[in-house]
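Colleague: Quick one: the structure is below, and I'll ask about it shortly.
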Amino acid sequence: MGERVLIALGGNAMTSPDGSASPDDQRRAVEQAMAHVATLVQAGHEVMLTHGNGPQVGNILLKNQLAAPVVPPVPLDWCVAQTQGTIGMLIMAALEAALVPRPVRVATVVTRTLVDRDDPAFADPVKPIGKYFPEADARRFEKLGQRWKAFDRGWRRVVASPEPIEILDAPAAIALMEAGYIVVAAGGGGVPVARNTDGTLSGVEAVIDKDLAAAVMARAVHATALVIATDVPAAVAGYGTPAARPIGRVGVGELRNLQAAGHFASGSMGPKVEAALRFVEDGGRRAVITSLEHIGSALGETAGTPETTDTTGVIGTILEK
């Protein structure tokens, strides 16, 4: 019997292998990703999808900057909403095509994520977004109220990355799932909103981590499994050292100990491991971190082969209580 599975697609599922985010590259990448997702649908799982949007938001921000003298720039929450619609449309078309001749209904929900205006992240923005620019350009943008930081390849804008508190539109996603739809929701971590003193909501200049938001969404829709699809077969302990080893089936305590020992970088695997831990600690049955081509094997739907596993036979980091 299938289970309710939330699949969080990484940015590699939306761009070409070299990182190109042209429309044709995005369309081809999404089609390849949905071929793997289709295997879970065909196995009888009830699937929800979420996705990253870094390259797509970066492109919108660049258009903002280049066209500012002609067209007013749009705020960051608008950028996230726009990418939810665009990427959702690509996923819907690709998944429907991957499941032909099976009749399938796919829907995208523009999804808001509640954050706290007093979250410490707003006082110390560190999340880089958009393209690299020379220092002179960065200084010019700083005069417009933006924050910029120097990196090895140049200057990038940095914004707050507050904790996701609640996925406000989860009830809409649940209603669609109950009606038989495969749902795409909470793309890019969700449109960041905060509550005003009068109880209304307003968008904020922030980026919510996609994987942490996926964990919140997975629990909100009562998913039993969270699958975090990335570009490696599994999380690795001792990454970059001679003692590096992929992590296969693991318990919460062991993974928390590895996390505390500093095995997972904050800018890459760290949020994925934290999201997996939060989901299982909060009642989820299991969480999986693996590459797209491994998702079926990691959930037990297809057998791993030498071509689709690493030399240790690990087909994914599978976290269970």
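Colleague: Residue by residue through the range 265-274, what is 3J(HN,Hα) from phi via Karplus (6.51 cos²θ - 1.76 cosθ + 1.60, θ = phi - 60°)? Round to whole Hz and write x for glycine and proline.
Modeller: 5, 5, x, 9, 7, x, x, 5, 5, 5
Colleague: Taking a probe of 1.4 Å, how large is the accessible area per residue of the range 253-305, in Å²?
Modeller: It amounts to 41 Å² per residue over the range 253-305.
Colleague: Can you check what the net charge comes to around D116, using other residues whose Cβ is under 10 Å from the Cβ of D116 (Lys, Arg +1; Asp, Glu -1)?
Modeller: Summing Lys and Arg as +1 and Asp and Glu as -1 gives -1.
Colleague: Here is a follow-up. Of the options V183, L144, G52, report the single residue whose Cα projects farthest towards the positive end of the charge dipole of the chain (beta-carbon charges: Lys, Arg +1; Asp, Glu -1).
Modeller: The residue sitting most towards the positive pole is L144.
Colleague: Per residue, what accessible area does the range 1-69 have, given a 1.4 Å probe and all protein chains present, in Å²?
Modeller: Value for the range 1-69: 42 Å² per residue.
Colleague: Let me ask another. Taking the structure as given and computing Rg and Dmax of the Cα atoms in Å, which label from (1) 20.2, 62; (2) 19.4, 59; (3) 24.9, 84 fits?
Modeller: Checked against the structure: label (2).
Colleague: Taking the mean number of other Cβ atoms within 10 Å as a proxy for protection, how do you rank 10-20, 37-47 from highest to lowest?
Modeller: 37-47, 10-20
Colleague: While we're on this one: For the range 210-265 and the range 92-135, write down the distance between their C-alpha centroids in whole Å.
Modeller: Cα centres, the range 210-265 to the range 92-135: 20 Å.
Colleague: Net charge around E205, counting only other residues with Cβ within less than 13 Å of its Cβ (Lys, Arg = +1; Asp, Glu = -1)?
Modeller: In short, +2.
Colleague: If you don't mind, there's one more thing I want to ask. What net charge do the residues around L90 carry, taking every other residue with its C-beta under 15 Å from that of L90, with Lys and Arg at +1 and Asp and Glu at -1?
Modeller: Values: positive: R27, R28; negative: D24, D25, E31, E96.
With Lys, Arg at +1 and Asp, Glu at -1, the net is -2.
Colleague: To continue, here is another question. Starting from the Cα gyration tensor of the range 251-294, take the square roots of the eigenvalues, sort them a ≥ b ≥ c, and report rounded, prolate or oblate (rounded when a/c is under 1.5, otherwise prolate if a/b is larger than b/c, else oblate).
Modeller: oblate
Colleague: So how do 145-152, 263-270, 284-291 stack up, highest first, on mean other-Cβ count within 10 Å? The partial results should precede the final answer.
Modeller: On the way: 145-152: 12.4, 263-270: 15.6, 284-291: 23.4.
Put in order of decreasing packing, that is 284-291, 263-270, 145-152.
Colleague: For G284, list long-range residues whose amide hydrogen, built 1.01 Å from N in the peptide plane, is under 5 Å from its own amide hydrogen.
Modeller: Sorted by chain and number, the residues that satisfy this come to none at all.
Colleague: Among 121-131, 238-248, what's the highest-first ranking by average C-beta atoms within 10 angstrom per residue?
Modeller: Descending mean neighbour count gives 121-131, 238-248.
Colleague: Hand me the tally of lysine pairs in the chain: alpha carbons under 16 angstrom apart, and the pair either on different chains or 8 or more positions apart.
Modeller: 6
The values are calculated or read from the model by the stated rules, or taken from the named source; none is laboratory data. Quick caveat, the model's predicted, so the values are computed rather than measured. Glycine also receives a Cβ, built like all others from the backbone with ideal geometry; neighbour counts cover every protein chain displayed. These area figures cover heavy atoms from the full protein model, side chains too; ligands, DNA and RNA do not enter into them. Shrake-Rupley method; radii C 1.70, N 1.55, O 1.52, S 1.80 Å.
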